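Before any comments, here is the structure.
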Amino acid sequence: MRSYTPKDDVQKKSYYTDRYWVAPQVPKSDVSEDAVFAADHAELRAHFEILEAYIQRDQMVVYIHPKDNYAVLEFLRDHCGYTQLSELSAIDWIAQRGGFEVFYQMLSMTKRKRIRVKCFIGENEAINSVEKLFRSADWSEREMYDMFGIKVNNHPFLKRILMPDDWEGFPLRKTYPLQGDEFAAWYEVDRIFGKEARDIIGPEIRDAARVDRYDTERFARLGYEVPKGTPFDPNQPKTSLAYQEEGGVFLIEGFDEEKSTIISDRKR
Amino acid sequence: MAQHQVNYLKDGGLPVALTSIDKVVNWGRSNSLWALTYGLACCGIEMMASGASRYDFDRFGTIFRASPRQADVMIVAGTLTKKHAEFIRRLYDQMTEPKWVISMGSCANTGGMFNTYATVQGVDRVIPVDLYLPGCAPRPESLQYAVMMLQKKIRSEKAIKAQKPKRLM
Ligand code: SF4
């Protein structure tokens, strides 16, 4: 657990000092160390060019050429028993290597093994769809397109899946700002009221933790509510909880805090 | 007695009678606040709990309706995403006047902890809000308190006012 540091000045400076902490690499071992993986690897290598292969955390990772992805997955499914595609997505390496790493996480129920097939594509390159092999790839590939902007060839319905259809930008790219670009910041205003409403509605207020106790108009403490516009008074007495006007409401019984019992023993 | 002739029915005379009507109408309105089910995230669970037997919203006359045409108050319970913003606006517009909005929880008030590209930073950017209820999530008791406060607010309003729709702009 992260050690406790006072967070009173949270608005002033960043208190996450370990934000750019780089996790140590999990050790890799050779494919030959596991008999099942070694056999799969040998079969794969007989048919396709394997760029790199190793075992990490009991899973075999295989790097292939992106043009082979459909054939490799088909081969793994039909000949090696990896009948499930449990996950498919991409990793943004644009800054370091100018492209994306697309990975396919495969599961074999008979062998009780998992294989991760990886390939690297350039920023503007497309990849073949594997939707014909695994139905689960349909939405995953749409999500990959939505989040990273990776075009998928031969996909039956390549359309954004999470973000709105008219969204601009690809949110999971490292270059996409967490709080959104200008398009994202004004999206709902532009969409509902039109661009000319921007001046009236104003920019987003991102400091959600801001509480101004001197601003009694917009901030009220429960039990210390004051009428609108009353100046702040530090010695203000606690007002008893009342939700009815003086004199009560016809037919509705008023709640009187004095007369009520506060149960402190939960097991009573 | 007025020296001149007053058309009581037309000119909005009869002050005593009118305040009584105000009271009667507002009494009816405030005690039959039908809420639109609008659970968007975890706050929705608390809203459902408020409606269920332990906290029992029905005794306030607050019954959840699944149609905006039958609802008077929209309890926005949860995180409003930018994709959903246009639909909340549409549902709000479909509600009949008079209508009120309770913004429940930090997410609906300010975007809460979701300081991201995909979350609307407060529903008041999209629809006019009458009552902000803080908490993450507010307990059902808080929601009850909010509904009582809204009832109080309704009772202080004029019942027969010019039906000017509330608008952000
Ligand atoms: S305010 Fe908290 S409980 Fe409510 S929707 Fe947001 S995160 Fe969930």
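In whole percent, what relative contact order does the range B:20-153 give with Cα contacts below 8 Å and a gap of six or more residues? Walk me through the numbers before you get to the answer.
Values: 249 pairs, mean separation 33.6, N = 134.
So the answer I get is 25 percent.
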Too long at a 25 Å Cα-Cα cut-off: which of A:LYS228/B:LYS83; B:LYS82/B:LYS153; A:LYS67/A:LYS159? A:LYS228/B:LYS83; B:LYS82/B:LYS153
Taking a crude spin-label model, label points 7 Å out from Cα along the C-beta direction, the A:GLN236 to A:PHE183 distance in nm is 4.5 nm
For the pair B:GLU86 and A:ASN154, what calculated FRET efficiency results from E = 1/(1 + (r/R0)^6), where r is the Cβ-Cβ distance and R0 = 35 Å, to the nearest 0.05? 0.60
For A:HIS41, B:HIS84, ascending order of other Cβ atoms within 10 Å (fewest first) is B:HIS84, A:HIS41
If the elastic network links every pair of Cα atoms under 10 Å, which of A:PHE250, A:PHE183, A:PHE219 fluctuates the most in the Gaussian network model of chain A? A:PHE250
For the residue pair A:ARG198 and A:GLU52, what label-to-label distance in nm results when each label sits 7 Å from Cα along the Cα-to-beta-carbon direction? 4.4 nm
Check cross-link reach from A:LYS132 to the aspartates and glutamates: straight Cα distance under 18 Å, and skip same-chain residues fewer than eight apart. A:ASP68, A:GLU74, A:ASP78, A:GLU87, A:GLU141, A:GLU143
If the chain between A:TYR214 and A:ILE252 were fully extended at 0.36 nm per residue, the gain over the current Cα-Cα distance would be 10.2 nm
Rounded to the nearest 5, what % of DSSP beta bridges with both residues in the protein assembly as shown are antiparallel? 60 percent
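Between A:ALA23 and B:MET149, take the C-beta separation as r, use R0 = 60 Å, and let me know the FRET efficiency to the nearest 0.05. Before the final figure, lay out each step's value.
Numbers: r = 49 Å, r/R0 = 0.81.
Plugging the Cβ-Cβ distance into 1/(1 + (r/R0)^6) gives 0.80.
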At R0 = 60 Å, FRET efficiency that the Cβ-Cβ distance of A:THR83 and A:ILE262 yields, to 0.05: 0.50
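Can you give the mean number of other chain Cβ atoms that lie within 10 Å of the Cβ atoms in peptide B:113-119?
Mean inter-chain Cβ contacts per residue within 10 Å come to 6.
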Per residue of A:186-198, what is the mean number of Cβ atoms on other protein chains within 10 angstrom of that residue's Cβ? 4
Here Rg/Rh (Cα, Kirkwood) for the protein assembly as shown equals 1.11
Mind checking the mean number of beta-carbon atoms from other chains within 10 Å of the Cβ atoms in B:79-89? 4
Label-point separation (nm) for A:LYS174 and B:ILE21, each offset 7 Å from Cα along Cα-to-Cβ? 6.9 nm
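Read-outs: derived from the displayed coordinates by stated rules, not from any lab. Note that the structure is predicted; figures quoted are calculated from it, not measured. Cβ atoms come from the backbone with ideal geometry, glycine included; neighbour counts cover every protein chain shown.
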